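Note sheet for the following structure.
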Amino acid sequence: GINAEYGAVVSTQSTGKPREARNLDLLSEKGASTWLTCLPLESLKLTLNRQEFFDSISARYDLPLVGQPRATQCVCGEDNSIDHSMSCKRGGFVAVRHDCVRDFLTAELDKVCYDTVAEPHLLEVRGAKLPPGTITEDGARLDIRTRGFWGPMDCTYFDVRVFNPRAQSNVTQDIPRMYTKHEEGKKKNYLHRVLEVEKATFSPLVMATTGGLGQEFGRTLKQLATKKSRKTGYTYQECIRYLRVRLSFSMVRSITCSIRGYRGRNKNDDTSSDLYHIY
């Protein structure tokens, strides 16, 4: 029954291998299971083909991949595991994952706020005294700027970071600490510049590839759902559910692209002689 299943989970968390216990904690976070519990509506692009679904399940539960075979070695030379696919910069899939979240939030903010812009340039610092670690270069940009989010005339900047909680740089840290570390990193780089130069507010939006959100992202999503509810007439619960589902599916789709996507040709593979024989 349910009690037996719950007991099995608790037993695994307390006595299982560290990686297995940590994985269960990641899957227990709010938002980590959203894509599995929603209707597959094609109108909202909430569908996956068979291979995408299998890959998503494998990535979620840390299982071997099934279905279509793929190379055992990445073009960068590393072992082509799921964890490596989440972090490898070849093919641009790390940037695509980030951009999917940024573009979705920009579109949603534009519906309930005004003066919403993606990748706005920041004002020049021009001698302002800012703490060490602040990015002061001219031409610096953040992911989103909007007005009227926290207050009627307030200007707010957002910057997105999507990280892999199973990467080597994160596996030794507590899960809450991972989110805090990435939020603090963004604030160290941009908070004081936005406050002192832009005279605006700044919120780092940190999301894990497993679907969990940092505290700042959680508060932002709740405020966005509140404003969306007031404007559309839908209930807050419907709006927050919609936002979480769309974010979750954006992440799942980007993960399947990372696992199966083309990353280019291995530089050690010389096909010039084969091309010569074609002609």
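The values are calculated or read from the model by the stated rules, or taken from the named source; none is laboratory data. Note that the structure is predicted; figures quoted are calculated from it, not measured. Glycine also receives a Cβ, built like all others from the backbone with ideal geometry; neighbour counts cover every protein chain displayed. Please note that ligands, DNA and RNA were not included when accessible areas were found on the heavy atoms of the full protein model with its side chains. Shrake-Rupley method; radii C 1.70, N 1.55, O 1.52, S 1.80 Å.
Couple of notes before you dig in:
- A simple charge model with +1 on the Cβ of Lys and Arg, -1 on the Cβ of Asp and Glu and nothing else charged puts the dipole of the chain at about 560 debye relative to its Cα centre.
- Which label in [x] 20.4; [y] 15.0; [z] 24.2 gives the computed mean projected area of the Cα convex hull in nm²: [x]
- Split the accessible area of the chain by element, probe 1.4 Å, and carbon with sulfur accounts for 54%.
- Cut-off 13 Å between beta-carbons: net charge of the residues surrounding Gln215, Lys and Arg +1, Asp and Glu -1: +3
- The chain, helix-only ellipticity at 222 nm - DSSP H runs n ≥ 4, -39,500 (n - 2.57), divided by all residues, nearest 500: -15500 deg cm²/dmol
- Cα lying deepest toward the dipole's positive end in the chain, options Met207, Pro18, Ser87, charges on Cβ: Met207
- Less than 5 angstrom separates the built amide H of Arg161 from those of Leu205, Val206, Met207, all sequence-distant by 5 or more or on a different chain.
- For Ile144, the residues whose amide H sits under 5 Å from its own are Glu119, Phe158, ignoring neighbours fewer than 5 places away on the same chain, with H placed 1.01 Å from N.
- Between Arg219 and Gln168, the distance separating the two model label sites (each 7 Å from Cα on the Cα→Cβ line) works out to 3.5 nm.
- The phi-based Karplus calculation (6.51 cos²θ - 1.76 cosθ + 1.60; θ = phi - 60°) puts the 3J(HN,Hα) values of region 229-242 at 5, 5, 7, 9, x, 6, 6, 4, 4, 5, 5, 5, 5, 4 Hz, whole numbers, x for Gly and Pro.
- The phi-based Karplus calculation (6.51 cos²θ - 1.76 cosθ + 1.60; θ = phi - 60°) puts the 3J(HN,Hα) values of region 164-181 at 9, x, 9, 5, 4, 6, 10, 5, 8, 9, 4, 4, x, 5, 4, 5, 4, 4 Hz, whole numbers, x for Gly and Pro.
- Ligands, DNA and RNA aside, His121 has an accessible area near 120 Å² when probed at 1.4 Å.
- In this structure the chain gives 56 Å² per residue of accessible area when probed at 1.4 Å with all protein chains present.
- Dipole magnitude for region 79-182: computed about the Cα centre from +1 point charges on Lys and Arg Cβ and -1 point charges on Asp and Glu Cβ, it is near 260 debye.
- Spatial separation of Cα centroids for region 176-192 and region 92-164, in angstrom: 14 Å
- Calculated from backbone phi, Karplus (6.51, -1.76, 1.60) coupling profile of region 58-72 in Hz, x at Gly/Pro: 4, 5, 5, 9, 6, 10, x, 6, 10, x, 4, x, 9, 4, 7
- Cross-link table Lys129/Lys199; Lys111/Lys186; Lys188/Lys227; Lys89/Lys181; Lys45/Lys228; Lys30/Lys181, entries beyond 24 Å C-alpha to C-alpha: Lys111/Lys186; Lys188/Lys227
- Shape of region 114-170, Cα gyration tensor, a/c cut at 1.5: oblate
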